[in-house]
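Undergrad: Okay, here's the structure, questions in a sec.
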Amino acid sequence: MATVVGAAAGRRARRPPRPPRSQNQRRDTRAALLFISPWIVGFLVFTAWPLLYSAYLSFTDYDVINDPSFVGWDNYRRLLEDPKIATALWNTFFYTVIQVPLYVLVSLGLAMLLNRAGRASGFFRTAFYLPNMTPPVAVGVLLLLLFNGQDGLINEVLGWFGITGPSWTTDSAWVKPSIILMSLWSVGASVIILLAALRNVPKDLYDAALVDGAGAWHRLRHITVPMISGALFFVTIVNTIAAFQTFTEAYTAFWGAGYKNPAALFYVIYLFQQAFEFLNMGYASAMAWVLFVIILAITLVQLRVSKRFVYLEGEQ
């Protein structure tokens, strides 16, 4: 044992000392910290502090008017007994499981069409992205106009083909599908990301596949999807996080106007109600941290799965 300790001490003694930092390096470090100091201050004031304070509030009874009073784990135990939490979580999970794959598939399909558009692709890129500039509140109002069961545009178009459209905004079975379909209004950003990935796929791979007699489906499955899997994964994970935080469009269409449908009670909407309508800030903070843990767990699972399915050229 003494020999091992002595050998380790000898190796530490022989390790060359770290060279002193030059004056230029110290000056560059100070300049870099100065440039990023606005972001550091903003992060500490507007992100880190609210995050830590909400963690504290989640263990208190706080109504904004009176001082917080410590209640321990009562808010978290209350979550298990609140029936609306189960409803809100079910609505949110249902929306996410259906919306995210559909969103990615539509984005990929439009990106592949744009990749074949040639000189006109610039115009169509702009056209597809413009809906992303629409305020979410306006999208919520547009949802009511398009999916109105009586005289909405969607049902009118379905009527041209002899199909009687459902009551999208009043029938609980069709409320979430209408919100999912309306979410496709903003696929433009994902389309641009996937289009950039498609244009980076080496054309030599497609030429070789054509020589080998591969059809369109095999080229898509064995070349296109693996080569853009990094972009697909990014779009999937970002939209999964966004889907769990769905709020503005659904709140505007089904809650803000006074019409309340439990089928549109998403988790963040219920959190908002507890915080700003009922002033249960402690309970709302506990809800926020539960949502954070859920999103974190799902993201970690996605990262784990990505190691098997995502091709990263720099790691090959």
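Undergrad: Just in the range 126-211: which chymotrypsin sites (Phe, Trp or Tyr not before Pro) are loop by DSSP and have at most 10 other Cβ atoms within 10 Å?
TA: Passing both the DSSP loop test and the Cβ count: 161.
Undergrad: Oh, and also: Taking H as built 1.01 Å from N, whose amide H comes closer than 5 Å to the amide H of residue 60, not counting residues under 5 places away?
TA: Amide H neighbours of residue 60, under 5 Å, 5+ apart: 71.
Undergrad: Then there's this: If each residue of separation counts as 0.36 nm, what is the full-extension length gain between residue 70 and residue 184 once their alpha-carbon separation is subtracted?
TA: 36.7 nm
Undergrad: Let me ask something additional. Can you sort 89, 296, 158, 114 from fewest to most other Cβ atoms within 10 Å of each residue's own Cβ?
TA: Sorted ascending by nearby Cβ count, the order is 296, 158, 89, 114.
Undergrad: Continuing with this model, one more query. Can you put 156, 81, 249 in order, fewest other beta carbons within 10 Å first?
TA: Listing 156, 81, 249 from fewest to most nearby Cβ atoms yields 81, 156, 249.
Undergrad: Here's another thing I want to ask about it. Which of (1) 42, 36, 20; (2) 38, 32, 19; (3) 30, 22, 21 is the computed semi-axes √(5λ) of the Cα gyration tensor in Å for the structure on display?
TA: So the calculated entry is the one marked (1).
Undergrad: Determine the relative contact order of the range 84-315: mean sequence separation of Cα pairs under 8 Å and six or more apart, normalised by residue count, in whole percent.
TA: Normalised by residue count, the contact order of the range 84-315 is 29 percent.
Undergrad: Give the cross-link partners of residue 176 among the aspartates and glutamates, using a straight C-alpha distance below 18 Å as the criterion and excluding same-chain residues fewer than 8 apart.
TA: Counting by Cα, and skipping residues close in sequence, residue 176 has these aspartates and glutamates nearby: 249.
Undergrad: Ignoring trypsin sites (Lys or Arg not before Pro) that are buried or in helix or strand per DSSP, and keeping those with at most 16 other beta carbon atoms within 10 Å, what is the longest stretch of the chain between them?
TA: Maximal segment without exposed cleavage sites: 22-115.
Undergrad: Scanning the chain for helices, which whole DSSP H stretches are 30 Å or more long along the axis (Cα) and average -1.0 or more by Kyte-Doolittle?
TA: Length and hydropathy pass: 83-115, 281-309.
Undergrad: Enumerate the aspartates and glutamates that residue 203 could reach by cross-link, defined here as Cα to Cα under 17 Å, with residues fewer than 8 away along the same chain left out.
TA: Cα-Cα hits under 17 Å: 212, 313.
Each reported figure results from applying straightforward, stated rules to the coordinates on display, with no laboratory input. All values reported here derive from a predicted model rather than from experimental measurement. Note: ideal-geometry Cβ built from the backbone for every residue, glycine included; neighbour counts use all protein chains shown.
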